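Chemist: Structure below; questions to follow.
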Amino acid sequence: MRVGVFGGTFNPIHLGHVNLINTSTKLFGLDKVIVLPNLNPYYKENSVKNFEHVKNMINMSLNLDCDFEISDLEKDSKKKHYSYNSLKEIISLNGKYKYYFFLGSDTSLNFKEWYKYSDLLDLVNVVFVSRPKFKFSSDFIDDKIYSRKLNYRGMLVYYNHLTKMKIIKLSLKKEIDVSSKELRLMLKSFDENKVKQFVNNEVYDYIMKNKLYF
């Protein structure tokens with residue numbers, strides 16, 4: 001079974017996230033999708049501290065044909081969360097399948113600073129998805145370990161001959177140029193028309209009703 005884990009703050013979830021998850025589910029033939037919202041990532045500020053709000057907006061945005069789960073492992077906004085620990089727990093809960101951990105290409109720039117980053121690479125396949133304005137950096141990849149590199153279906157694949165794990169650079173045909181931070185700024189300035197370009201109507205109405213970002 002192939003399991004895709006999508007990490008991030010999803011604060012709020014936007015159409016760029018939706019496009020990434022839908023496209024990756026089909027491209028990698030995922031049997032299960034786990035969305036892992038982090039309410040207190042050590043690497044950035046997160047403004048919504050209510051997990052239920054984040055979870056509700058994700059449910060409003062995704063309609064997948066495979067098994068789907070929103071993990072609450074990183075819901076505690078008072079605790080620092082690390083992907084390596086969460087992924088180990090996900091594998092423990094779900095079983096030893098083939099796991100793909102999806103991240104934006106911007107995270108490759110400081111991936112060496114992540115907690116136990118090399119152990120994380122031995123644990124799961126990691127997919128860095130292209131984001132507008134951010135280039136993929138391969139500085140963290142050890143050429144002696146990842147001895148094979150190949151291009152396949154729009155992906156650049158680095159193969160670890162020891163662990164059989166892969167690092168994959170994925171370029172999406174359709175890229176939606178927005179970040180959650182930019183969306184929050186739009187909401188604070190009450191730019192309704194712009195915001196509605198990047199979230200579905202149900203999510204927009206939910207944000208307005210609950211006054212989440214202003």
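The values are calculated or read from the model by the stated rules, or taken from the named source; none is laboratory data. None of the values given here were measured: they were computed from a predicted structure. With ideal geometry, Cβ positions are generated from the backbone for all residues, glycine too; neighbour counts draw on all protein chains shown.
Chemist: Picking from SER77, SER108, which residue would you name as being surrounded by 14 or more Cβ atoms within 10 Å (Cβ to Cβ) and part of a loop (DSSP other than H, G, I, E, B)?
Modeler: SER77
Chemist: List every residue pair whose Cβ atoms sit under 6 Å apart, with the two residues 6 or more apart in sequence or on different chains, where the first one lies in the stretch 88-108 and is under 17 Å from LYS166 (Cα atoms) and the second, anywhere, is of a type in the set (Phe, Trp, Tyr).
Modeler: TYR100/PHE28; PHE102/PHE6; LEU103/PHE128; SER105/PHE128; SER105/PHE134; SER105/PHE136; SER108/PHE128; SER108/PHE136
Chemist: Taking the residues in the stretch 129-175 that are of a type in the set (A, V, I, L, M) and loosely packed, with under 11 Cβ neighbours inside 10 Å as candidates, determine which candidate is nearest to ASP106 (Cα to Cα).
Modeler: Going through the stretch 129-175, the residues of a type in the set (A, V, I, L, M) turn out to be 129, 141, 145, 150, 155-157, 162, 165, 167-168, 170, 172.
With loosely packed, with under 11 Cβ neighbours inside 10 Å added as a condition, the list becomes 150, 162.
On the way: LEU150: 21, LEU162: 27 Å.
It comes out as LEU150.
Chemist: Would you point out the residue of the stretch 157-196, among those that are modelled with pLDDT of 90 or more and not hydrophobic (A, V, I, L, M, F, W, C), that is nearest to PRO132 (Cα to Cα)?
Modeler: Per the stated criteria, the residue is LYS169.
Chemist: Does at least one position in the stretch 85-106 carry a residue that is basic (Lys, Arg) and over 21 Å from LEU30 (Cβ atoms)?
Modeler: Going through the stretch 85-106, the residues basic (Lys, Arg) turn out to be 88, 96, 98.
Applying the additional criterion that residues be over 21 Å from LEU30 (Cβ atoms) yields none.
Taking every residue of the stretch 85-106 in turn, none turns out to be basic (Lys, Arg) and over 21 Å from LEU30 (Cβ atoms).
Chemist: Can you pull out the residues in the stretch 83-110 that are within 19 Å of SER138 (Cα to Cα) and not hydroxyl-bearing (Ser, Thr, Tyr)?
Modeler: PHE101, PHE102, LEU103, GLY104, ASP106, LEU109, ASN110
Conditions tested, residue by residue: (1) over 21 Å from the mean Cα position of the chain (by Cα); (2) closer than 30 Å to SER147 by Cβ.
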{"site": "ASN160", "(1), (2)": "yes, yes"}
{"site": "LEU172", "(1), (2)": "no, yes"}
{"site": "LYS181", "(1), (2)": "no, no"}
{"site": "GLU192", "(1), (2)": "yes, no"}
{"site": "ASN200", "(1), (2)": "no, no"}
{"site": "ASN210", "(1), (2)": "yes, no"}
{"site": "PHE214", "(1), (2)": "yes, no"}
